[in-house]
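Note sheet for the following structure.
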Amino acid sequence: MSDRIRILIVIMAATALLGEVKLNPFGDTFRISLGIVVYFFGLLWFSVPVLSTGLLTGGAVVLFRVGMDLAGGDAGLFESFMRHSSTFGFYLCFAVAVKLMRIRKQAEFPIRVGLIGAAADFTSNVAELTGRYLLLDGAPPTWHGILLVAMAGVLRSFFVVGLYNMLSIRQVRQEAEWRKLELDRMMLLNSSLYEESFFLRKLMAQVEMLTRESYRLYRRLMEQRVAEHRAALHMAENVHELKKDMQRIMAGLSKLMRPNEAGERLPIPELCGLAVRANEKYADSLGKRIAFRVEAGVQLSTNQVYALLSILNNLLANAVEAIAEEGEVVVEAELVDDWVRFQVRDDGPGISNPEREWVFEPGYTTKFDSEGYSSTGIGLTHARDIAKSLGGALELREQAVGGARFELRVPVDQLMRKEEDEADEALSDR
């Protein structure tokens with residue numbers, strides 16, 4: 001059974017059931033009920049065929065009421081059918097009015113939709129009353145009764161419109177929240193890709209230098225008529241092929257990171273919050289109770305999203321790992337002259353004086369896994385290199401109350417620069 005059929009069955013059943021919550025303004029079988037509320041809402045909210053839904057719902061309501069009469073012994077089959085057949089005209093007339101007015105295209109104008117619904121409700125009730133008058137030879141409705149029908153139509157219509165808009169706003173907010181979470185995830189993923197591309201750019205520069213040196217070695221050996229000069233040429237050719245492969249990989253990474261090159265900007269406070277949210281999840285996965293706090297009063301935006309995220313993620317992850325079970329991590333961002341200064345501090349065990357001068361050296365680490373294997377020890381080295389590529393610096397600062405405090409300084413004029421040449425500048429600084 002398809003979803004559309006299920007929805008139609010729910011609309012038909014709910015309309016028939018709530019049709020028994022009723023008011024009889026004329027003292028006969030004509031009723032003002034809540035069934036139309038479900039019916040009207042179903043036409044607005046779900047993508048169902050309007051006329052088919054009107055035909056099926058009207059038929060279902062008539063059959064349900066006839067069945068109720070027969071079960072209660074109130075009337076025979078023919079009499080009951082004649083009594084309720086005009087109800088079919090009500091739902092069909094309502095569907096025709098909604099279809100002609102194209103009410104779904106007016107959904108962004110709630111007052112207009114409410115007025116159309118009220119008019120359709122009133123017109124359909126008049127059609128039903130006319131049918132009852134002709135079929136049952138009943139007394140014509142009074143003006144008082146007609147006014148009551150009109151007021152009920154307005155109330156029911158605007159109740160449905162209010163419910164529809166309330167649920168629509170809730171749905172939009174949920175979608176916005178989901179998109180924000182997805183954007184956060186993509187930014188964190190791109191920051192990881194940025195780290196890999198940064199390493200790859202540096203490696204490509206080193207391979208290029210190695211290619212030139214290999215070729216120079218080949219030329220010297222050939223001039224000196226050394227027999228192994230062919231081996232040197234073969235080495236240069238292999239290194240050159242390696243460089244080409246790395247260029248292809250770099251081209252693929254660049255395509256994945258294209259959004260940031262197009263000028264994606266993020267306010268500094270949001271950037272800090274994004275890094276904190278990611279590491280809150282990391283702390284939870286380690287079973288640690290860590291309170292994160294962001295103090296960012298910098299009213300600036302940057303397109304260096306992935307570079308700064310890479311550094312902040314590294315520092316925050318180190319802080320999470322340093323805290324044993326429970327603690328606090330604070331991220332600060334402030335404007336100091338022409339610099340933006342970030343600080344990440346924790347209340348963990350800190351770093352001893354003999355180790356402070358080694359923390360940025362490649363291979364230095366205090367982290368070991370459950371099997372006793374050490375970490376790579378290149379995280380802080382890499383973070384420092386990215387800071388240099390931005391024209392800034394990453395340093396370990398003294399902290400009076402224990403724990404560790406890292407300070408990142410970036411020039412304001414570097415926050416909106418492009419990223420193409422960062423790795424090359426980092427190499428020139430080394």
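Brief remarks follow.
- Any chance Val61 is free of Cβ contacts under 8 Å to residues at least 60 places away in the same chain, buried (at least 19 other Cβ atoms within 10 Å of the Cβ) and over 37 Å from the mean Cα position of the chain (by Cα): yes
- Residue check for Ser52: of a type in the set (Gly, Ala, Ser), more than 34 Å from the chain's Cα centre (by Cα) and within 16 Å of Gly153 (Cβ to Cβ): no
- Considering only residues in the stretch 57-91 that are polar (S, T, N, Q) and modelled with pLDDT of 85 or more, the one that is nearest to Arg132 (Cα to Cα) turns out to be Thr87.
- Scanning the stretch 201-233 for residues that are modelled with pLDDT under 75 and under 30 Å from Ile386 (Cα atoms) yields Arg201, Lys202, Leu203, Ala205, Gln206.
- The listed residue being in a strand (DSSP E or B) and surrounded by 17 or more Cβ atoms within 10 Å (Cβ to Cβ), out of Glu328, Glu332: Glu332
- Taking the stretch 11-56 as the range and being among the hydroxyl-bearing types (Ser, Thr, Tyr), at pLDDT 90 or above and surrounded by fewer than 20 Cβ atoms within 10 Å (Cβ to Cβ) as the test, only Ser52 passes.
- All positions within the stretch 64-81 that are of a type outside the set (Gly, Ala, Ser), more than 17 Å from Thr15 (Cα to Cα) and surrounded by 15 or more Cβ atoms within 10 Å (Cβ to Cβ): Asp69, Phe81
- When the stretch 270-319 is filtered for residues that are within 19 Å of the chain's Cα centre (by Cα) and among the small types (Gly, Ala, Ser), the ones remaining, listed by number, are Gly273, Ala275, Ala278.
- Sole exception among (1) at pLDDT below 90; (2) over 27 Å from Val298 (Cβ atoms) for Gly348, by number: (2)
- Subset of the stretch 237-263 (residues that are hydrophobic (A, V, I, L, M, F, W, C) and modelled with pLDDT of 75 or more): Val239, Leu242, Met246, Ile249, Met250, Ala251
The values are calculated or read from the model by the stated rules, or taken from the named source; none is laboratory data. These numbers come from a predicted model, not from an experiment. Every residue, glycine among them, receives a Cβ derived from its backbone with ideal geometry; neighbour counts consider all protein chains shown.
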